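Data block below; observations after.
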């Protein structure tokens, strides 16, 4: 069987908060609802079992098209690293083939922290561009939320 040409995206951003605060904003359902809005949608429900084998389910309901993201944690190192699958259920073409793998690293910096997002299994360059634009927006939202 021939393996698809899969693309990877990596993006990082620094934040003027301790790494513990950054990590908490990433995993806490109420915090996620405040800053994360995929495709311009507002999260209406977040289920997040942050442990190896734990499940993830983000739901954004609106009148146009609901968005559901499901996944499972493969690795959890508190305040350091999360690795999980991410299955995007959405009609947009760039998101259709949507089982991705995310690796999120939280790095302590002097008086700050750095977040590194790596997303694997993107189908082509167009999907990389779309996701990169989305991550840039969401990480800015996260910065606004934290600061």
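Readers should treat all values here as calculations from the given coordinates under stated rules, not as data from a laboratory. Here the structure is a predicted model, which means the values were calculated and not measured.
Per 0.36 nm of contour for each residue apart, how much would the distance between residue 116 and residue 75 grow if the chain were fully extended, relative to their Cα-Cα spacing?
Contour length minus the Cα-Cα distance gives 13.2 nm.
How big is the Kirkwood radius of the chain, worked out from every pair of different alpha carbons and given in Å to one decimal?
In the chain this quantity evaluates to 15.7 Å.
Tell me the relative contact order for the chain as a rounded percent, counting alpha carbon contacts under 8 Å between residues six or more apart.
30 percent
Kindly provide the helix-only [θ] at 222 nm of the chain, computed as the sum of -39,500 (n - 2.57) over DSSP H runs of four or more divided by all residues, to the nearest 500 deg cm²/dmol?
It comes out at -8000 deg cm²/dmol, rounded to the nearest 500.
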